[in-house]
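Visitor: There's a structure below that I have some questions on.
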Amino acid sequence: MTTKIWFLTGNHGKVAEAQHHLRPLGYEVIQLMPDGVTITEPQADTLREVALSKIEQAKHHLPSEDDLLLVEDAGLFVDALDDFPGVYSSFVLRTLQCSGILRLLNHLISEDPVQSAKVRSARFEAVAALWDGSEVIFGQGVCPGSIAYQVTEGEGFGFDPIFIPSDLDEFGEPLEPGNYGVLSTHGATFGAVGQEIKEAFSHRTRALDDLIRQLKANQGQ
Ligand code: IMP
């Protein structure tokens, strides 16, 4: 029997990623947007606090007590901007947009290629939180990479058009930016590669993997 996981999010891109990833593991992921209920996103210092607050608000609105509730929060952390936009990523995307991040980095531009790479270094982080009816389990995922020089057209959402993931080694682990791995987007942004390729690198995939690993350990599998 497949277990239903209700994913509280308004983002169809995230639902598609989670469905694609969790279906083979025997979970049916369905988007949850409870009728007449407003879930507020608190302004907190960490992704974990934001995710926990959403779980607390939404857990009473699950269609069945046997179902699970999934919440996932992510952000883009740019090293040279002291991890900005981080937990403010949604707001920054709505206001400055991807091009605004490029403009901010252009002010910090360096002629030195090593310094220039440092200026553009960034990471996506994700926290996935799952309410299993009795407790909240957290999974974490990071995708290191760098910020492109231009916004690319294509698939994806959010900051995908400006984020280039670091290459992966033979174990699927990310390498330090600038190193060549066995899996690479060859300098293409998440926005320029298909969903399947993005998933191999994605912070969300890693956070979900971490979550499922703990869920299975709890169930003694
Ligand atoms: P949220 O906390 O998941 O809502 O994400 C915060 C902001 O980061 C939103 O504006 C998202 O569009 C953006 N974001 C989250 N994950 C990704 C991703 O995988 N690619 C691009 N942008 C993302």
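Visitor: Could you work out the equivalent-ellipsoid semi-axes for the chain, taking the square root of 5 times each eigenvalue of the Cα gyration tensor, largest first, in whole Å?
Guide: The equivalent ellipsoid of the chain has semi-axes of 31, 20, 14 Å.
Visitor: Also, quick follow-up: If I fit a long axis through the Cα atoms of helix 203-218 and take the longest principal axis of the Cα atoms of the chain, what angle between them do I get, 0 to 90°, rounded to 10?
Guide: 30 degrees
Visitor: While we're looking at this one, here's another question. Looking at the chain, identify the longest residue range that excludes and avoids all chymotrypsin sites (Phe, Trp or Tyr not before Pro) in DSSP loops having at most 11 other Cβ atoms within 10 Å.
Guide: 1-170
Visitor: Which GluC sites (Glu not before Pro) does the range 51-158 hold that lie in a coil by DSSP with at most 12 other beta carbons within 10 Å?
Guide: Those satisfying the criteria are GLU65, GLU111, GLU135, GLU153.
Visitor: Just add up the charged neighbours of GLY191: K/R +1, D/E -1, any other residue whose Cβ is under 12 Å from the Cβ of GLY191.
Guide: For residues surrounding GLY191, the net value is -2.
Visitor: Quick one: which residues, 5 or more positions from ALA122 or on another chain, have an amide H under 5 Å from its amide H? H modelled 1.01 Å from N in the peptide plane, none for Pro or chain starts.
Guide: ASP79, GLY145, SER146, ILE147
Visitor: Whole Å is fine, so just give me how far the alpha carbon centre of the range 141-192 lies from that of the range 28-70.
Guide: 29 Å
Visitor: How far is helix 97-106 tilted off the main Cα axis of the chain, in degrees rounded to 10, range 0 to 90?
Guide: Tilt relative to the chain: about 40 degrees.
Visitor: What is the gain in length, in nm to one decimal, between GLN195 and SER134 on full extension, counting 0.36 nm per residue of separation less the C-alpha to C-alpha distance?
Guide: Additional length available on full extension: 18.6 nm.
Visitor: Follow-up question, since we're still on this one. Report, in degrees rounded to the nearest 10, the 0 to 90 angle that the Cα long axis of helix 12-22 makes with the longest principal axis of the chain.
Guide: Its long axis makes an angle of about 70 degrees.
Visitor: Now, a different point. Restricting attention to the alpha-carbon atoms of the range 96-170, what are Rg (one decimal) and Dmax (integer), both in Å?
Guide: Here Rg and the maximum Cα pair distance are 16.1, 55 Å.
Visitor: Stokes-Einstein at 10 °C, 1.306 mPa s, Kirkwood radius from Cα pairs: D for the range 10-127 in µm² s⁻¹?
Guide: So the translational diffusion coefficient is about 96 µm²/s.
Visitor: Name the residue farthest towards the positive end of the dipole of the range 31-123 from the options ALA122, PRO63, ASN106, assuming +1 on Cβ of Lys and Arg, -1 on Cβ of Asp and Glu, about the Cα centre.
Guide: ASN106
Each value in this text was obtained by applying a stated rule to the coordinates, not by laboratory testing. On a predicted model such as this, the values are computed, not experimentally measured, just so you know. Cβ: placed from backbone, ideal geometry, glycine included. Neighbour counts: every protein chain shown.
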